[in-house]
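Written below as structure tokens is the structure these notes are about.
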Amino acid sequence: MASTVGIAAAAAFAGAAMAIVEDLPTENNGGSIVEDFSYPGAAGILESQGVELISGDGHIILADCKTPPAGDIGLIKVYTTELIGQNGEGLVCFKALGPVGRLDLKVPAVYEIRGDGQRPGAGHNGTATVVTSGGVRTTKDLDPDGSTQFGIGEGGKEPTTLLQLTVVP
């Protein structure tokens, strides 16, 4: 009887393995199942808002700037001299969905980033990496409950492009 159960289990396992093999990605069924962390809908966002969202871990997302705060946490607000963003006003907003997150992007002409905290001690800690038109990269800690200046916002002569936002514990 033990051998019959063993044979039945082996047959069930082989059947399950065949089902898995049959579901492997191909060009006909959608390709690779490997996560590439590309931002969903990025082409449409670039076209409509002028913001290039490249990749991330899903814990920092593009948000409607009219979204009200949830308690003491609002949105991370990126200010730019370019007329981009949801309403073409030079404001792009992001929501941190957890204590850790990363978003690679390109937002031109950034001069200020406002943290998402609505009172002291409430906002997410994070960093922003920018690059000047001359190729100088800078990473700064963001003020979680206030504003951090970049490029022309801090008296620089070159505009900066935001390349990465992170949220860290």
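The values are calculated or read from the model by the stated rules, or taken from the named source; none is laboratory data. This structure is a prediction, so every number in the text was calculated from the model and none was measured. Using ideal geometry, Cβ is built from the backbone for each residue, glycine included, and neighbour counts are taken over all protein chains shown.
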Check off (1) farther than 20 Å from ALA43 by Cα; (2) touching a Gly at 6+ places or on another chain (Cβ under 9 Å) for VAL100 and give me the number that stays unchecked.
(2)
Out of GLU27, GLU47, I need the residue that is modelled with pLDDT under 95, in the same structural domain as ALA109 (by TED's automatic domain parsing), more than 30 Å from PRO120 (Cα to Cα) and out of contact with any helix residue (DSSP H, G or I) (no Cβ under 8 Å at 6 or more places or on another chain). Which one?
GLU47
For segment 154-169, name all the residues that are closer than 16 Å to GLY115 by Cα and crowded, with 18+ Cβ neighbours inside 10 Å.
LEU162, GLN164, LEU165, THR166, VAL167
Quick test for you: out of ARG137, ARG119, pick the one residue that is out of contact with any His (no Cβ under 6 Å at 6 or more places or on another chain) and farther than 22 Å from ALA63 by Cβ.
ARG137
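Has segment 146-169 got at least one residue that is basic (Lys, Arg), modelled with pLDDT of 95 or more and in the same structural domain as LEU46 (by TED's automatic domain parsing)? I'd like the intermediate steps shown before the answer.
Of all residues in segment 146-169, those basic (Lys, Arg) come to 157.
Now drop any that are not modelled with pLDDT of 95 or more, which leaves none.
The answer is no, given that none of the residues of segment 146-169 is basic (Lys, Arg), modelled with pLDDT of 95 or more and in the same structural domain as LEU46 (by TED's automatic domain parsing).
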In segment 59-89, what residues are surrounded by fewer than 19 Cβ atoms within 10 Å (Cβ to Cβ), assigned to a loop (DSSP other than H, G, I, E, B) and in contact with a strand residue (DSSP E or B) (Cβ under 9 Å, 6 or more places away or on another chain)?
HIS59, ASP64, CYS65, LYS66, THR67, ASP72, THR81, GLU82, GLN86
